[in-house]
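The values are calculated or read from the model by the stated rules, or taken from the named source; none is laboratory data. Note that the structure is a prediction, hence the values are computed from the model and not measured. All Cβ positions, even for glycine, are placed from backbone atoms using ideal geometry, and neighbour counts span all protein chains on display. Keep in mind that these areas ignore ligands, DNA and RNA; they rest on the heavy atoms of the full protein, side chains included. Shrake-Rupley method; radii C 1.70, N 1.55, O 1.52, S 1.80 Å.
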Amino acid sequence: MNFEDINAVKELLSQPQKIVIIPHKNPDGDAIGSTLGLWFYFQSIGQEAHVIVPNDFPKFLKWMPGQAEILNFERHNTQAKEKLQEATLVFTLDFNHLGRTGQMEPFLEALQTPFVMIDHHQKPEDYAVVTYSDVTMSSTCEMIYNFIEILGGKETITPEMASCLYTGIMTDTGSFKYSSTTSRTHRIIAALIDSGANNTKIHNQVFDTNTPSRLHILGCALKNMVILQDYHTAYITLSQEELDTFGYKKGDTEGIVNYGLTLDGIQFAVIFIENKEEGIVKISFRSEGDFSVNEFARAHFQGGGHTNAAGGKSDVPLEATVRTFLEHLEDYKELLSK
Ligand code: 5GP
Ligand code: MN
């Protein structure tokens, strides 16, 4: 954040505000961690704030401090709309364009309220009065820590806030191993532990809560994996029928895409997940090295994200989606062979 932005935020927060904090649709650990972390901070400085999620979030995050107070735009629609209408300030976290809020988008577009964006995805849209965007950041949670520090609130970080921010940094860095993890990330993590984040407990709550459906779906996904050695690519499909057979629940497919990259020589990993209810195939892309899945997702699958982790979707059936993917892949053969 530059000097002007910091002053603009300080000015906004010097008045009593009614704040709404919003993460992206299908919120992950970083989205929920950052919104709740900021929510606790606003409470500590006496600002009224509410977190509104576009839709539900996975069970493995439902232990997080403050999560029970979250309003769900789908489930608490009237109340959520009321809060948005009353809001004097809206914070959008962990996403770069309003389309990432799904059904909330038209509603947010219509608001006259000032927005503040805090995000680490590439190519942020220009809708906010203050845009704190930094694509080098490991996570939005790391940015929220910086934000609180800039506003002089570092000493006020409670165990609850620390647990929320720890969770998002942990999930977005693949437990501190992705290349976005810096020495500063580790220093912030250390500070969060000092402020009361129980690291062992958080890891257990997020990663050691497997269910039969999750493990069966993982088994099915690994069996379905196709390895294209010549393209340094591995992809996985999960049909709606397969998901139904194993009793799919939200969050069950989280992280499965990463298995492809653990294979020697594989630089590009993809998972296609059929969602009959929404009439789409949800796609996750991961890469190692310079191959930009952000650009691939943006160019071919209505998506985006980061250089090494991105998402997108397709409106045609699963088989046709995979065929289209393979056609596009041909054009990247040389790039992937580098
Ligand atoms: P995931 O594959 O875990 O859903 O997402 C990987 C990264 O890409 C995350 O940072 C996520 O926010 C972003 N992402 C996922 N889906 C989309 C999408 O449809 N559009 C855009 N712009 N980003 C996405
Ligand atoms: Mn994130």
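Condition check ((1) at pLDDT 95 or above; (2) away from ligand 1 (no atom under 16 Å from the Cβ); (3) under 13 Å from C141 (Cβ atoms)) across all residues:
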{"position": "S14", "(1), (2), (3)": "yes, yes, no"}
{"position": "D28", "(1), (2), (3)": "yes, no, yes"}
{"position": "G33", "(1), (2), (3)": "yes, no, yes"}
{"position": "F40", "(1), (2), (3)": "yes, yes, yes"}
{"position": "E48", "(1), (2), (3)": "yes, yes, no"}
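So is F291 open to solvent by 10 Å² or more (accessible area, probe 1.4 Å), in contact (Cβ under 8 Å) with a residue 40 or more places away in the chain and away from ligand 1 (no atom under 11 Å from the Cβ) or not? Criteria met by F291. Listed here are the helices (runs of 4 or more DSSP H) enclosed by segment 268-338 that have at least 2 residues being modelled with pLDDT of 95 or more and polar (S, T, N, Q): 318-330. Could you say whether any residue in segment 159-174 is more than 17 Å from the chain's Cα centre (by Cα) and open to solvent by 30 Å² or more (accessible area, probe 1.4 Å)? Within segment 159-174 (the criterion being more than 17 Å from the chain's Cα centre (by Cα) and open to solvent by 30 Å² or more (accessible area, probe 1.4 Å)), the answer is yes, since at least one residue qualifies. Answer yes or no as to whether Y166 is farther than 21 Å from G255 by Cα and either modelled with pLDDT of 95 or more or not in a loop (DSSP other than H, G, I, E, B) (or both). No: the conditions fail for Y166.
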